[in-house]
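Beneath this line is the structure, given in structure tokens, with notes to follow.
No lab work stands behind these numbers, since they all come straight from the coordinates. Keep in mind the model is a prediction, meaning the values are calculated, not measured. So basically every Cβ, Gly included, is an ideal-geometry build from the backbone, and we count neighbours across all protein chains shown.
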Amino acid sequence: MSCRCLEGTDMNFRQFAYRNVVRKKRTYAAHFLSSAFSVMAFFIYAVLLYHPDLQGQLTSSSATASYLATMGLRVSQYFIFIFSFLFLLYSTGAFLKARKKEFGILLVLGMTEKQRMKLTFAENMLIGLAAIGCGIGVGLLFTKLMLLASARLLMLEEGLRFYLPLQAVWMTASAFALLFLVVSILTIRVGYQSSALELMKGDEKPKPEPKASIWLSLLAVLLIAAGYAMVFYFVNKQAYFMPLLALAIGCVVLGTYFLFTQLSVYVLRALKSRKSFLFRGINLMTFTDMAYRIRDNANMYFMVATVMAVAFSGIGACLSVGDPGRTEKQYPYAFTYWYHSEHGDQAEGAVVHIDEMLKVEGHSFQRAQLDWIDTGHSSYPIVSLTQFNKLAGIRGFDPYLLHSDEWLIASGVFARISGKFYNEPVIEALAMTQEGNGQSSLRLKERVDEAIIALDNDVIVLRDEEIARLIEKGAVSSTVMYYAVPTWEKTLELAKQLQSDLPVDFAGGGQLSALAIEHYHERQMNGILLIISVLVGVVFFTFAASFIYFRLYADVERDEKQLGMTSKLGLSPKELGRLMTRQLSVMFFLPFLIGMVHSGIAFINMANLTKTSMLSNSLMIYGAFLGIQLLYFLLIRWRYLSRMRKKLV
């Protein structure tokens, strides 16, 4: 049928566009599946965002968790939407450029330029509408599973019932319909006003030999090194200046671009200059073609490496920030009950009640009392050596000894988290306490960095005789009762019951805190961050894998011709397989490796910033995504080699 016969017959034109998409279903597979996956992730976030049970239970347990969940889900939707737009813009443009020869043939057959743009618009919208329907449909199938997983991660006692908010459906459908519409409009002019001959030639023009500048290659190394150095300075020197961090990220991103466009080509040229290496086996064909591939695909490698680094770092950051184990490390006691010592008679009943409830529930425990002395001259608590040693014994540490002219500093929670230990302010506070004139007759013996005292600020530890002298001078004290419970993870319901049983009924006393409740809130925070980071990270990783797929199938016809000519040189099928495996390995794993290096630097600095190990989290992230990437590589390699071998038969 002549293309001019389609004028005025919209149904035939739509059928033509539909059959065109179906005929190229393998080419459009990654584009369609990635689009559908981003729609599904956006829809799942919308379901969680508008689920009344989720917001209600989070609000009842923690207003902060509810706010974080709402903001996190919204921001994640924005990220997915923005990256989906960029992804679709790139992928659609890449497919249309790869189809220039097809468009040239259609123009020769009589299709007008207006009809060509109408055809590409119709094809893009068909794929977009199908992706929206498929994404929402698959999202509905997985909604119940996602709600069950979310309820478990967030420790929601009542669970999350199956709920389909129509607002989530309409929001997802309208947002992505608008996105596909805008992308279709922006990309229909690819090849506009090109002659049929120019379109039919496509990319068959001879390519000049790839060249690289040694200065831009050196600039790539300098920019990446400078970016890494600024990040280390930002964290280790605690120079928390956000423009510095933004500059560091900008340097790494720009350096990565020059790494693929300049440095990689320069390195390959240097390898080719080594004749003994170049003429060994199939190295000549491997590295000659690889230089062209890297030069042609440099922008794609850059985007894939950047997206992977963002995905890895984002998931790692959320796992680090939301690690509930940090709570136990900093506050090691199951229950803490604080009151002013002058209200000891009123608080005694509360302490007895806590003891009895622990015994009734069958929990073994150790209790220690800490009297916090306040002289009025210092903001730092002062405690006795005897009480401090009792807490040290509960925590499994040997007792500390002080001579008559010595004292200790016990690091508070803030000092242990930040890793900064300032002795001078505490020494000045001690001097004011001792003499009132800036001089002290005592000398500092050591700073105790172990988590023994569960107070925010540093603590001054004095011998009991000094404490008695301060009390005689009129110093007042507050009392903290610490409960060490080995089975504290099982005390959540007990903690909630005690908080309701022990209201504040006298001035300045009766404040109970429980590690199980803190852990519960941390688990909720961790669950929220995990849900957000994993879904967004997987979406980004899917986009990165799709970029590789697009470039691979955009070059498939060229590879078929090239391998056809190469096979005539006498290469065996095994050698041809090795040649393609090397080229595909670079395409799949070089950006992955660069993304790992960038995120590895981020993980090291996260560990320094949070004072926690990132090794297990990073290995888990890399292992999971490397496994996915390897399976994807093997599948694509098998299909690609099968196609090449069929063409060569």
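Remark: the stretch 577-584, residue by residue, has Karplus-estimated 3J(HN,Hα) of x, 5, 4, 5, 5, 4, 5, 5 Hz, where x stands for each Gly or Pro and the curve is 6.51 cos²θ - 1.76 cosθ + 1.60 at θ = phi - 60°. Electrostatic tally near Ser477: other residues with Cβ closer than 11 Å to its Cβ, Lys and Arg +1, Asp and Glu -1, net -3. Near Val476, the amide H atoms lying under 5 Å from its own belong to Asp374; only residues 5 or more places off or on other chains count, and H is placed 1.01 Å from N. Here the Karplus relation 6.51 cos²θ - 1.76 cosθ + 1.60, evaluated at θ = phi - 60°, turns the backbone of the stretch 135-150 into coupling constants of x, 5, x, 5, x, 5, 5, 9, 4, 4, 4, 5, 5, 5, 5, 5 Hz, with x for every Gly and Pro.
Of all DSSP beta bridges confined to the stretch 330-518, the antiparallel ones make up roughly 75%. When peptides 41-49, 235-243 are ranked by their average number of other Cβ atoms within 10 Å per residue, the highest-first order is 41-49, 235-243.
Converting phi to 3J(HN,Hα) with the Karplus coefficients 6.51, -1.76 and 1.60 and the offset θ = phi - 60°, the stretch 385-390 yields 5, 4, 5, 5, 5, 5 Hz in sequence order, with x at every glycine or proline. Cross-link pairs exceeding 27 Å in C-alpha to C-alpha distance, out of Lys97/Lys211; Lys359/Lys496; Lys144/Lys496; Lys390/Lys445; Lys97/Lys118, comprise Lys144/Lys496. Over the stretch 211-276, Cα pairs under 8 Å with separation of 6+ residues give a relative contact order of 51 percent.
Calculated translational diffusion coefficient of the stretch 211-276 (37 °C, 0.692 mPa s; Stokes-Einstein with Kirkwood radius over alpha-carbon pairs) equals 257 µm²/s.
Highest mean packing comes first when the peptides 264-270, 88-94 are listed by Cβ atoms within 10 Å, giving 88-94, 264-270. Extents of the stretch 330-518, taken as max minus min of Cα coordinates on every principal axis and listed largest first, are 51, 32, 26 Å.
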